[in-house]
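One structure below.
The values are calculated or read from the model by the stated rules, or taken from the named source; none is laboratory data. Quick caveat, the model's predicted, so the values are computed rather than measured. Note that we place each Cβ from the backbone using ideal geometry, even for glycine, and neighbour counts take in every protein chain shown. Quick note on the areas: whole protein, heavy atoms, side chains included, nothing else; ligands and nucleic acids left out. Shrake-Rupley method; radii C 1.70, N 1.55, O 1.52, S 1.80 Å.
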Amino acid sequence: MTTITILIVGVLFSTSVYLILQRNIIPILFGFSLLNHAANIFLLAVSGDPTGKKAPIVTLLGESYVDPLPQALLLTAIVIGFGVTAYLIVLLYRIYLSHSSTNIEDIYND
Amino acid sequence: MAIESLLLIAVFLPLFIAPVVGFFARSLSLNVAWIGIGTAITSASLIGRIIKLTKGLPFVISYNWVPAFDLQLSFLVDGLSLFFGLVITCIGAFVLFYARFYMSLKDENGRFFAYLMLFMFAMLGTVFSNHLLLTFLFWELTGVASFLLIGFLYNKPESQKGSLMALIVTGTTGLVMLLGILLAKSVFGTYDLSLLIAQRDSLVVVGALPTAVMALMLVGAFGKSAQFPFHFWLPNAMAAPTPVSSYLHSAAMVKLGIFLTARLFPIFSHNPYWGDIIVTVGFITMLIGAVYSILSHDLKAILAYTTVSQLGFLMGVYGLGHMQLLEHDFFHILNHVFYKASLFMVAGIVIHIVGTKDIRKMGGLFRIAPFAGMATLFACMAMAGLPGTMGFISKELMLETLLHNAQSHGGIAWVWVGTIIMSAICLFATSLRFFKTLFMGTVPLDLKDSLHAPGLWIQLPPLVLASCLIIFGLNPELLGHALAGLTVSGMHAIKMSHLALWHGLTTPFLLSLTISGLGVGLYTLFERKHWQMEIPKQLRFDTAFNNGLEGLATLSKRLHSWLRLDQSQDYLGIVISYIVLMSSGFILYYLPLSTIRFDWIRLEHIPATVIGFVICVFSIAVVTQKKWTTRLIALSVVGFFISFYFVIYRAPDLALTQMLIESVSLILMLLLLSKIPKGMAIKEEASVYTGAKKRVVLLISVLSGFVMMIVLWFLLSDPPATKLGDYFIDKTNSLAGGSNAVNTVVVDFRGFDTMGEISVLVIATLGILGLLMRWQGPTEESK
């Protein structure tokens, strides 16, 4: 189970870094979104292997539940990540309106 | 009142008045100067009271300031500091009075007078401080205040250049002085000046280290007092308003170097190099200043060079004193303070009347400004050293000392006699020229219409100051008696020779006659050539200095353009690859191989494997697909499948939130992309990397993914024995009254985090609103 998570994290980080290093604002936006996912899964993986454990809805003490703290942190992280992504989308929209280009070189040279 | 409180008030009053002056300038306009004058007079009278109370005996006031640095707020009250304190405050009062009528309503007077008060405070602090580090602090504060004052008219290029030059030269030499101070602490074991002076007989000042201390500190003094080779900053500082020139650059700040030399005299005068260094530097400066003064034609530059010359002379006084103790050094200083301050004030008045600085275009102003003319006559007489003025006595005393030295030592001492005679001839010619060209003869034709008489009040301060030259020149004992109360033991001779107007027909007097004759001759010679000579370009140190500065700027520009990348994306690549390199190095070094565990994929992992496979494939599709729409769909698929993956991790809340947010993000991105026309796709093609650059980017991204995998792998191989999460599972029902531990953590246990999260959302919303609203703004305006 953890092996799969590790692989997903690796692929997500690679693709997001590749996109962020592009010269066009749209791939950069996509890369940013993927980077968000990568970081989220990384954080969640810290709660350990969930195999054979229950969701952290406690009905009976003594049973084996997954760690609730990473999940709680992640809940915050997802929402904040969305806020930042939304801001980025509008920012890029404004940049596009001002420069009528999505190419970073054009935007710089304007 | 006790001496302590008197002194503290005298020193710190200008500091507290500075903001007051700045504040009231709006309502009081130029009259705010009266507050400053009142302050200066108060400080001066307090210092006068201290003189009466201490009767010339040294007195130390000490408070702990930063004990960790061995720094004390320590003040030394003795003849030297009291004398300089009086000069600073009294001349300050005159200058403020002058500035009241000199500045115009258009100037930022609050700023100007506040700077002047700040400067006065820094000066008083420097002369009274007993702790070498404190001296340095105040010393640099005078430099900062002078920078602000020289650059007061900050949009004039010469002000910018001049203030920067003054700051760099005096600041750098000040730092050299700091080196000397720190070395002094390790050599002599104390920063305390009064201790050093008290122990001067047992102190070892001969040898390599003490000589280094002395030389380093003297560099600071030479820089501040514009001694050769630092003399060039002073003429450039003349870009300041004239009251500033009159105060800082003749009476007060440039005297700080002289002050420091005087302060160090009791300590270092036994060092064999003391006299040689100071006399050589001082007399070279004296000659250069005098020669340059006669070659300049800018009114203020002439005065600046005569100041340089006179400062060299004053330095020389302290250098020559090492063979016996000093006599009448204060008399020399006062002579210069009186005549130079008044000449600068006159120069300000004259430049104001005629509207030019070129002395060759002036003349016949006596009728228009008779009092300024009288002041100039007295001051020029003193500068030329004519009998009946303080200048005469000062020059006679110096000649006498020099001749005495030359007769007993011979050799190089005769060179110094020659130097002072040559400088005196040049200064005589300059004085003659200054007075004759400005006030005698006829008014040049092109000026006749534009002249307007200056007010009476503005002519008063120079006249009063210049009259002192005559009063004390005719009755030198008057001043000698007053100054006798300010002697410093170890510095001044216990019994001074009497000052007298007439010494008889002595060699110095005969020399004086010769100097006057030759001075008139030099003046006539230059007059015939119509003053066409200029200071040779090669000998103008300021141009060399400016070229050096520009060279440095060019060098740094070249270095910058060599290192600079044009695009932020390239920086980002460098930063990311740096992180990858650093962390992989770290990982390789600390690789905990023993704890590494590999978790094989088993049968029950099949759902997770399928979901993970989909996530990986579609995230790669986001990279490889050409069309934006396809990419966006792939991205969405990744997002939704991640919410499935959350389900596998037994996180129902996360899965729900992720679904919701993924949908909203998709809508937002669609909105953005729908605005971008299809034709842009062609342009997008141009921004795709090709060739080597593509491979480099690929390598960086694969490596960074790999590093993150390894980090996570180590993290999961060695989980901690107890987790904080167990506590929340335990207490979720009993403490928070909810069975969903994730929810209770979010709202109860870590409620403040959630509050922060909401704030971030609010801020993001406000930012988005701002971005969108600002876009609408300009279009409405343009309607």
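Remarks
- Apart from one condition, A:L44 fits all of (1) open to solvent by 10 Å² or more (accessible area, probe 1.4 Å); (2) at the interface with another protein chain (Cβ under 7 Å from one of its Cβ atoms); the exception is (1).
- Residues considered: B:F330, B:F344. Of these, the only one that is modelled with pLDDT of 80 or more and over 24 Å from B:S516 (Cα atoms) is B:F330.
- Residue in the stretch A:4-17 that is more than 7 Å from chain B (Cβ to nearest Cβ) and surrounded by fewer than 22 Cβ atoms within 10 Å (Cβ to Cβ) present: no
- Look at (1) part of a loop (DSSP other than H, G, I, E, B); (2) at pLDDT below 85 and you find that B:S250 fails only one, number (1).
- Only a single criterion out of (1) open to solvent by 10 Å² or more (accessible area, probe 1.4 Å); (2) more than 7 Å from every other protein chain (Cβ to nearest Cβ); (3) free of Cβ contacts under 8 Å to residues at least 24 places away in the same chain; (4) farther than 15 Å from B:C616 by Cα is not satisfied by A:P27, namely (1).
- One residue stands out in the stretch B:102-124 among those that are of a type outside the set (G, A, S) and outside any helix (DSSP H, G or I): the one that is nearest to the chain's Cα centre (by Cα), namely B:E108.
- Residue check, A:V66 buried (at least 22 other Cβ atoms within 10 Å of the Cβ), over 20 Å from the mean Cα position of the chain (by Cα) and either over 22 Å from B:I768 (Cβ atoms) or within 7 Å of chain B (Cβ to nearest Cβ) (or both): yes
- Any hit, the stretch B:580-587, residues being more than 30 Å from B:T744 (Cβ to Cβ) and within 10 Å of chain A (Cβ to nearest Cβ): yes
- Considering the stretch B:269-380, the qualifying helices (runs of 4 or more DSSP H), each wholly inside and each with 3 or more residues that are within 17 Å of B:S431 (Cβ to Cβ) and open to solvent by 10 Å² or more (accessible area, probe 1.4 Å), run over B:272-295, B:299-320.
- Qualifying residue in the stretch B:224-237 (condition: in a helix (DSSP H, G or I), in contact with a Pro (Cβ under 9 Å, 6 or more places away or on another chain), closer than 23 Å to B:V127 by Cβ and of a type in the set (G, A, S)): no
- Leading residue by the ranking (farthest from the chain's Cα centre (by Cα)) among those in the stretch B:169-186 that are without any contact (Cβ under 8 Å) to a residue 40 or more places away in the chain and open to solvent by less than 50 Å² (accessible area, probe 1.4 Å): B:L183
- Qualifying residue in the stretch B:631-651 (condition: within 9 Å of another protein chain (Cβ to nearest Cβ), of a type in the set (S, T, N, Q) and over 60 Å from the mean Cα position of the chain (by Cα)): no
- Applying the criterion of at least 1 residues that are in contact (Cβ under 8 Å) with a residue 60 or more places away in the chain to the helices (runs of 4 or more DSSP H) found wholly in the stretch B:555-649 leaves B:568-590.
- Yes/no for B:Y523 being modelled with pLDDT of 75 or more and open to solvent by 90 Å² or more (accessible area, probe 1.4 Å): no
- Qualifying residues in the stretch B:737-783 (those that are under 44 Å from the mean Cα position of the chain (by Cα) and facing another protein chain (nearest Cβ under 7 Å)) - the one modelled with the lowest pLDDT: B:W775
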